[in-house]
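Q: Once you've had a glance at the structure underneath, I'll fire off some questions.
The values are calculated or read from the model by the stated rules, or taken from the named source; none is laboratory data. From a predicted model like this one, the values you see are computed outputs, not experimental measurements. Because the Cβ atoms are built from the backbone with ideal geometry, glycine has one as well, and the counts that use them run over all protein chains shown. The area values use the complete protein model at the heavy-atom level, side chains included, leaving out ligands, DNA and RNA. Shrake-Rupley method; radii C 1.70, N 1.55, O 1.52, S 1.80 Å.
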Amino acid sequence: VERAELTGDYNILVRALLFEGKYYLRTGFFQESRDAYFKCITVSREKKLKWIIPRAYEGIGNVLEAAGDIKGFRDNYRLMIGEAFSEKDTVTAISGLLRLGTSYDGYAGADRNSHLADSLLRKCLGISVRINAYWYSGFSSANLGWNFYCDKLYDSALFYYEKSLKF
């Protein structure tokens, strides 16, 4: 990080900051991880670097999830999705939609909101089918099946589980 700052190589700097954020998260240094991701966002905005900001918001969301802050996780994933769509990074956007939608499925003991889960997962499914990202299509279909199963709508659950298998 220091060397990239000294040389002014901002592409290397933001990549190093993403790595640092992930490293600190995995080693349990949550504040240091968030700091690296925030610095990454700041540098990326100043230097108008593409594709970095959505991944930094994803990293912050992952830090907050690990810390048990589901609201913070969701807020940062919303930011991630918005930035990804604004940069036309569809795969990152649907990745965020999948994780965010799943978080409303009673994910990790969080408050369940079947309406939001359904809406986000359907959006993920629709986009992923259009761009032939079938891994996301299958995963979002399976999670829609779970959402319907939790709502005791077994026919719909079965429909989406079977659809998931086809993907």
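Q: Looking only at region 1-11, count every residue that is open to solvent by 90 Å² or more (accessible area, probe 1.4 Å) and not acidic (Asp, Glu) and tell me the total.
A: So the answer is 3.
Q: On to the next question. So which residues in region 110-124 are part of a helix (DSSP H, G or I) and over 16 Å from Ser137 (Cβ atoms), if there are any at all?
A: Of everything in region 110-124, those that are part of a helix (DSSP H, G or I) and over 16 Å from Ser137 (Cβ atoms) turn out to be Ser114, His115, Leu116, Ala117, Ser119.
Q: Pairs, please: C-beta under 7 Å, at least 6 apart or cross-chain, first residue in contact (Cβ under 8 Å) with a residue 24 or more places away in the chain and in region 123-139, second part of a loop (DSSP other than H, G, I, E, B) and open to solvent by 60 Å² or more (accessible area, probe 1.4 Å)?
A: Tyr134/Phe167; Ser137/Phe167; Gly138/Phe167
Q: Sticking with this one: Restricting attention to region 107-115, does a residue exist that is open to solvent by less than 30 Å² (accessible area, probe 1.4 Å), of a type outside the set (A, V, I, L, M, F, W, C) and under 21 Å from Glu58 (Cβ atoms)?
A: Looking through region 107-115, none of the residues is open to solvent by less than 30 Å² (accessible area, probe 1.4 Å), of a type outside the set (A, V, I, L, M, F, W, C) and under 21 Å from Glu58 (Cβ atoms).
Q: Give me a count of the residues in region 138-167 that are part of a helix (DSSP H, G or I) and surrounded by 15 or more Cβ atoms within 10 Å (Cβ to Cβ).
A: 19
Q: Name the pairs: first residue in region 6-25 and within 16 Å of Ile41 (Cβ to Cβ), second residue among the hydroxyl-bearing types (Ser, Thr, Tyr), Cβ to Cβ under 7 Å, at least 6 apart or on different chains?
A: Qualifying pairs under 7 Å: Val14/Ser44; Gly21/Ser33; Gly21/Tyr37; Tyr24/Ser33; Leu25/Ser33.
Q: Please go through region 18-34 and pick out each residue that is open to solvent by 80 Å² or more (accessible area, probe 1.4 Å) and either under 12 Å from Val1 (Cβ atoms) or among the basic types (Lys, Arg) (or both).
A: If the condition is that a residue be open to solvent by 80 Å² or more (accessible area, probe 1.4 Å) and either under 12 Å from Val1 (Cβ atoms) or among the basic types (Lys, Arg) (or both), then Phe19, Lys22, Tyr23, Arg26 are the ones that fit.
Q: I've got another one for you. If I ask for residues that are surrounded by 15 or more Cβ atoms within 10 Å (Cβ to Cβ) and either assigned to a loop (DSSP other than H, G, I, E, B) or in contact (Cβ under 8 Å) with a residue 60 or more places away in the chain (or both), which ones from region 83-106 would you list?
A: Within region 83-106, Glu87, Asp89, Tyr104, Asp105, Gly106 qualify.
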